[in-house]
1. Taking R0 as 25 Å, what's the FRET efficiency between residue 106 and residue 62 from their Cβ-Cβ distance, rounded to 0.05?
2. Determine the dipole magnitude for the chain: charges of +1 sit on the beta-carbon of Lys and Arg, -1 on that of Asp and Glu, nothing else is charged, the reference point is the Cα centre, and the result goes in debye to the nearest 20.
3. Specify which residue in the list 164, 65, 78 is farthest towards the positive end of the charge dipole of the chain, using unit charges on the beta carbon of Lys, Arg (+1) and Asp, Glu (-1), about the Cα centre.
4. What is the distance in Å between the Cα centres of region 100-125 and region 22-68?
5. Pick from 47, 18, 83: which residue has the top mean-square fluctuation in a GNM of the chain where Cα pairs under 10 Å get a spring?
6. Starting from the Cα-Cα distance between residue 167 and residue 47, subtract it from 0.36 nm times their residue separation and give me the gain in nm to one decimal.
7. Under the Kirkwood approximation applied to all pairs of distinct alpha-carbon atoms, what is the hydrodynamic radius of the chain in Å?
8. Going down the list 39/125; 50/151; 39/111; 49/125; 41/111; 51/87, which pairs span over 24 Å between their C-alpha atoms?
Amino acid sequence: MASVFDQYQMMRTHHLIFGYRGTLTNDLITSLLQLSDSKLKELKTPFRKKKSIINILIECLQNILYHSESFHDGLFSGHHCLFLLGKRESDYFIQIGNFIDNTQMTDLQSKLDYLNTLDSKQIHKMYLEVLENGIISDKGGAGLGILRVMKDSGSKIQYAFQSIDKTRSFYCMEIVISEQV
């Protein structure tokens, strides 16, 4: 049982409030949002910051459900993900990970690199433009999700890709919700 305590200590050391690893469904997203909301209330998170965090979670989790690669590991099948919510001092952070087809990696990386060069006013302007004139992708998105995440967090998105095999990678992203939000 020492390993359970080690996990507890690791989560405490890394300031994790809540986490989930597994297959994602619409019903599970609802449950994860309710649990996250409860944890944030328990921590007496200011309403505006809590609202931003929940909005970001909605965007991230729905993005995984609708845009990630389905993964089969012999035991489970579906849209596997990792989701962590934590707090460092007055900043909250969300870490998300999911499988992505390698053919999508270059476009996603280019988009994120470009968006990370913009300031908050430019992000807000682009968000409004896409909202007004958005072109719907093959998977039903207009590109609003990542813009909303950046707008609501007030920060750049840190990301990485971990190669799994010739066709898939694991896409990791961290969003920091700062004191200013």
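1. Result of the calculation: an efficiency of 0.60.
2. I would put it at about 600 debye.
3. The Cα lying farthest towards the positive end belongs to 65.
4. 22 Å
5. 47
6. Length gained between residue 167 and residue 47: 39.0 nm.
7. Evaluated on the chain, it is 17.3 Å.
8. 39/125; 39/111; 41/111
All of the numbers you see were taken from the coordinates with simple rules; none came from a lab. Values in this document were obtained by computation on a predicted structure and should not be read as measured data. Because the Cβ atoms are built from the backbone with ideal geometry, glycine has one as well, and the counts that use them run over all protein chains shown.
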